[in-house]
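A short worksheet on the structure shown next.
Please treat every number below as a calculation from the coordinates, not as lab data. Remember, predicted model here, so these are calculated numbers, not experimental data. Please note: Cβ atoms are built from the backbone with ideal geometry, for glycine as well, and neighbour counts cover all protein chains shown.
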Amino acid sequence: MPQPNEALAFADHDHRRCADSGLARADAIAADRGLRLTPVRRRVLQLLLEAHRAMGAYEVLERLGDEGFGKQPPVAYRALDFLVEHGLAHRVRRLNAFAACTQPGTAHEPVFFICAACGAVAEAPAGRVRRALQSLADEIGFQIGRVNIEAQGSCPSCRERPA
């Protein structure tokens, strides 16, 4: 299976094709793992894939409600929790929001690049950063349990726009 371009959120591309490809990968992962990708879970993932940015649970809930899936917060939260638990989405803590995983089905620790202007979120592998962090932790005898790396700034499109 081809690896996605981790910075795709910041590049011009066919969003529909990208979202469709991501959904197909999720369907294959779910089938392989015996997971149930219910219509609500599938639609939530599709919303995240189409957005190429992090979406808050209430924004997801509003979209679901508009489409007849229900308007109670547990509808969105349960779907988002399922997607995160099974590596199909990530929680972007800085934004208190969720983004589709660009590398579903692979063990990885991502770093998120968040555009403060347009809200686009790009995921990239954080291996080098994680190793540097572990080295610093080792120097002081600290044991790292969980790492969440997020950087906020400007994406290429927003930087190119005239002020």
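What you get for the chain, charging only the Cβ of Lys and Arg (+1) and of Asp and Glu (-1), is a dipole of about 200 debye around the Cα centre. Note on the chain: GNM, Cα springs under 10 Å; of ASP32, ASP81, ASP138, the largest mean-square fluctuation is that of ASP138. Stretching GLN72 away from ASN96 to a fully extended chain increases their span by 6.8 nm, per 0.36 nm per residue minus the current alpha-carbon distance.
Select from the range 68-105 those trypsin sites (Lys or Arg not before Pro) which occupy a DSSP coil region and have at most 14 other Cβ atoms within 10 Å, ordered by residue number. Don't skip to the answer; put the middle values down first.
Details: sites: LYS71, ARG78, ARG91, ARG93, ARG94; in loops: LYS71.
Those that pass, being in a loop and sparsely packed, are LYS71.
Simple rule: put +1 on each Lys or Arg Cβ and -1 on each Asp or Glu Cβ in the range 29-70, find the dipole, and look at PRO39, ALA54, GLY68; the Cα lying farthest toward the positive end is PRO39.
In the range 8-156, the inverse of the mean reciprocal separation of distinct Cα atoms equals 16.2 Å; this is its Kirkwood hydrodynamic radius.
Taken about its Cα centre, the range 106-163 carries a charge dipole of roughly 120 debye when the Cβ of each Lys and Arg holds +1 and the Cβ of each Asp and Glu holds -1.
Residues whose amide H comes within less than 5 Å of that of PHE98, counting only those at least five positions distant or on another chain, are MET55, GLY56, VAL92 (H built at 1.01 Å from N in the peptide plane).
With the simple spin-label model, which puts each label point 7 Å out from Cα in the Cβ direction, the ALA132 to ARG17 separation comes to 3.4 nm. Among LEU83, LEU133, LEU88, the ranking by other beta carbons within 10 Å of each residue's beta carbon, starting with the fewest, stands as LEU133, LEU83, LEU88.
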